[in-house]
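Engineer: The structure under discussion is supplied below as structure tokens; questions concerning it will follow.
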Amino acid sequence: MAGNSQRKGAMRKAGTKKGMTVGSGGNRRDSLSGRGPTPKATERPHHPAAKRKKAVEKKAAKSDRFSSGGSRSTSKRTGSSARTGSVLAGRNPVVEALRAKIPATALYVQTKSDADDRMRESLRLASAAGIPMLEVTRVELDRMTEGAVHQGLVLTVPEYEYRSLSDVSSATMLVALDGVTDPRNLGAIVRSAAAFGAGGVIIPERRSAGVTATAWKASAGALTSVPVAQVTNMTRTIEALQKQGFMVIGLDVNKATPLAEIPKDVWTDPVLIVVGSEGSGLSRLVSASCDYRVTIPMTKKAESLNASVAAAIVLQTAFAARS
């Protein structure tokens, strides 16, 4: 019945002053602290949104891997020291890179791993080159390579220091890459550039392969003698070089002049050779900026050449005309 509740908390003890009831009377209120604002859904480990975010980040990390030899960009921490650059994983890629004398900061060897001829040669070459060798666990190598197959051997390569356009524009023959995304092609083109006298290679900052361990290996050491410049906008770069007197020759399979028909005196001027991607070739604006668009005649059985092969053919043609 209303007014006759027998709940303990609602009863007034005999002999007490009015207003006092069973309970803390608010004395403990100040000692209680809240849990703070509710975390965002993406910050709660077991929330679906957090799991989706983690999956997206994992996929993005995997997309940064390079397609050859387990090489990838990385800026993680190993032990207590930070490392920036790229890593080359696997016994064949590592020993080939060491044979090519690419610059390296350290060789990581798995503890108690089975040694074969490739590993023994890698250790010998690293020792001869003065490269530090560290013995680590398999767990650490798995973490460094994000799960790639490393076979107990990982080589770390420092971050490449790109040049500016002004550093290479004094050369009389340059190569520019428009949309070349495979670091093996970049390395091979640098190797051809060194062989045929080009003074530098120009790449855009975006949508382009960079100088990684894979590129170093493909260049067979040529990256030590041929600088790579990185520019913001390829079209503006071409226009700037044209104002300096460069003739710009782009490789294009569509509506282009056969390579042999380019006048010899064109090659004797300062020249910029522009190489596009294997799939789409030169971008529209870059193609429109070229003074000449050339094609390499071939049989109908082949639709196109690998970008590095096409670059080598044009570079050899330029070298022969300039010799």
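The values are calculated or read from the model by the stated rules, or taken from the named source; none is laboratory data. If you're wondering where the values come from, they're calculated on a predicted model, not measured in any experiment. So basically every Cβ, Gly included, is an ideal-geometry build from the backbone, and we count neighbours across all protein chains shown.
Engineer: Return yes when Ala176 is more than 16 Å from the chain's Cα centre (by Cα) and either of a type in the set (S, T, N, Q) or part of a strand (DSSP E or B) (or both) and no when it is not. Spell out how you get there, then give the answer.
Structural biologist: Numbers: more than 16 Å from the chain's Cα centre (by Cα): yes; either of a type in the set (S, T, N, Q) or part of a strand (DSSP E or B) (or both): yes.
So Ala176 fits the description; yes.
Engineer: Consider region 279-314. How many of its residues are touching a strand residue (DSSP E or B) at 6+ places or on another chain (Cβ under 6 Å) and surrounded by fewer than 13 Cβ atoms within 10 Å (Cβ to Cβ)?
Structural biologist: Number satisfying all stated conditions: 1.
Engineer: Could you count how many residues in region 98-122 are closer than 28 Å to Glu161 by Cβ, more than 23 Å from the chain's Cα centre (by Cα) and of a type in the set (A, V, I, L, M)?
Structural biologist: Of the residues in region 98-122, the ones closer than 28 Å to Glu161 by Cβ are 98-109, 122.
Applying the additional criterion that residues be more than 23 Å from the chain's Cα centre (by Cα) yields 109, 122.
Imposing the further condition that a residue be of a type in the set (A, V, I, L, M) reduces the set to 109.
Residues that pass the stated criteria total 1.
Engineer: Which numbered condition trips up Ala229, out of (1) assigned by TED's automatic domain parsing to the domain that holds Ile131; (2) surrounded by fewer than 21 Cβ atoms within 10 Å (Cβ to Cβ); (3) hydrophobic (A, V, I, L, M, F, W, C)?
Structural biologist: It is condition (1) that Ala229 fails.
Engineer: Restricting the search to region 103-118, which residues are part of a helix (DSSP H, G or I) and either among the β-branched types (Val, Ile, Thr) or within 27 Å of Glu159 (Cα to Cα) (or both)?
Structural biologist: Initially, region 103-118 is screened for residues part of a helix (DSSP H, G or I), giving 117-118.
Once the filter is applied, which keeps residues that are part of a helix (DSSP H, G or I) and either among the β-branched types (Val, Ile, Thr) or within 27 Å of Glu159 (Cα to Cα) (or both), region 103-118 yields only Arg118.
Engineer: Taking into account only those residues within region 234-265 that are among the polar types (S, T, N, Q) and either within 30 Å of Leu88 (Cα to Cα) or not in a loop (DSSP other than H, G, I, E, B) (or both), which is modelled with the lowest pLDDT?
Structural biologist: Filtering region 234-265 down to residues among the polar types (S, T, N, Q) leaves 235, 237, 242, 244, 254, 257.
Filter again for either within 30 Å of Leu88 (Cα to Cα) or not in a loop (DSSP other than H, G, I, E, B) (or both), leaving 235, 237, 242, 257.
Values: Thr235: 94, Thr237: 96, Gln242: 95, Thr257: 89.
Looking at the filtered set, the residue picked out is Thr257.
Engineer: Counting only residues that are surrounded by 17 or more Cβ atoms within 10 Å (Cβ to Cβ) and polar (S, T, N, Q), which one in region 110-139 is nearest to Val211 (Cα to Cα)?
Structural biologist: By that ranking, first place goes to Ser122.
Engineer: Which numbered condition trips up Glu161, out of (1) assigned to a helix (DSSP H, G or I); (2) free of Cβ contacts under 8 Å to residues at least 24 places away in the same chain?
Structural biologist: It is condition (1) that Glu161 fails.
Engineer: Further, regarding this structure: Would you mention how many residues in region 137-158 are part of a loop (DSSP other than H, G, I, E, B), modelled with pLDDT of 90 or more and over 21 Å from Ile102 (Cβ atoms)?
Structural biologist: Selection size over region 137-158: 1.
Engineer: If only one of Asp167, Asp142 is free of Cβ contacts under 8 Å to residues at least 40 places away in the same chain and either of a type outside the set (Phe, Trp, Tyr) or surrounded by fewer than 18 Cβ atoms within 10 Å (Cβ to Cβ) (or both), which one is it?
Structural biologist: Working: Asp167 fails: free of Cβ contacts under 8 Å to residues at least 40 places away in the same chain.
Going through Asp167, Asp142 in turn, just one is free of Cβ contacts under 8 Å to residues at least 40 places away in the same chain and either of a type outside the set (Phe, Trp, Tyr) or surrounded by fewer than 18 Cβ atoms within 10 Å (Cβ to Cβ) (or both): Asp142.
Engineer: Can you name the number of the only condition in (1) buried (at least 22 other Cβ atoms within 10 Å of the Cβ); (2) in a helix (DSSP H, G or I) that Gly276 fails?
Structural biologist: Gly276 satisfies all of (1) buried (at least 22 other Cβ atoms within 10 Å of the Cβ); (2) in a helix (DSSP H, G or I) except (2).
Engineer: Further question on the same structure: Does Ala194 fit the bill of being assigned to a loop (DSSP other than H, G, I, E, B) and either farther than 23 Å from Gly281 by Cα or over 17 Å from the mean Cα position of the chain (by Cα) (or both)?
Structural biologist: Details: assigned to a loop (DSSP other than H, G, I, E, B): no; either farther than 23 Å from Gly281 by Cα or over 17 Å from the mean Cα position of the chain (by Cα) (or both): yes.
Against the criterion (assigned to a loop (DSSP other than H, G, I, E, B) and either farther than 23 Å from Gly281 by Cα or over 17 Å from the mean Cα position of the chain (by Cα) (or both)), Ala194 does not qualify.
Engineer: Looking at (1) touching a Phe, Trp or Tyr at 6+ places or on another chain (Cβ under 9 Å); (2) within 11 Å of Asp178 (Cβ to Cβ), which one does Ser280 not meet, given that it meets all the others?
Structural biologist: Only one criterion is unmet by Ser280, namely (1).
Engineer: Every residue in region 255-289 that is of a type outside the set (A, V, I, L, M), within 24 Å of Arg207 (Cα to Cα) and in contact with a helix residue (DSSP H, G or I) (Cβ under 9 Å, 6 or more places away or on another chain), please. Step through it out loud before you land on a result.
Structural biologist: Going through region 255-289, the residues of a type outside the set (A, V, I, L, M) turn out to be 255, 257-258, 261, 263-265, 267-270, 276-281, 283-284, 287, 289.
Filter once more, keeping what is within 24 Å of Arg207 (Cα to Cα): 276-281, 283-284, 287, 289.
Of everything in region 255-289, those that are of a type outside the set (A, V, I, L, M), within 24 Å of Arg207 (Cα to Cα) and in contact with a helix residue (DSSP H, G or I) (Cβ under 9 Å, 6 or more places away or on another chain) turn out to be Gly276, Ser277, Glu278, Gly281, Ser283, Ser289.
Engineer: Does region 237-244 contain at least one residue that is surrounded by fewer than 17 Cβ atoms within 10 Å (Cβ to Cβ), in contact with a helix residue (DSSP H, G or I) (Cβ under 8 Å, 6 or more places away or on another chain), closer than 28 Å to Pro183 by Cβ and aliphatic (A, V, I, L, M)?
Structural biologist: There is at least one residue in region 237-244 that is surrounded by fewer than 17 Cβ atoms within 10 Å (Cβ to Cβ), in contact with a helix residue (DSSP H, G or I) (Cβ under 8 Å, 6 or more places away or on another chain), closer than 28 Å to Pro183 by Cβ and aliphatic (A, V, I, L, M).
Engineer: Which of the residues that make up region 197-230 are assigned to a loop (DSSP other than H, G, I, E, B) and in contact (Cβ under 8 Å) with a residue 60 or more places away in the chain?
Structural biologist: Initially, region 197-230 is screened for residues assigned to a loop (DSSP other than H, G, I, E, B), giving 197-200, 205-212, 220-221, 225-227.
Result: Gly197, Ala198, Gly210, Thr212, Ala220, Gly221, Pro227.
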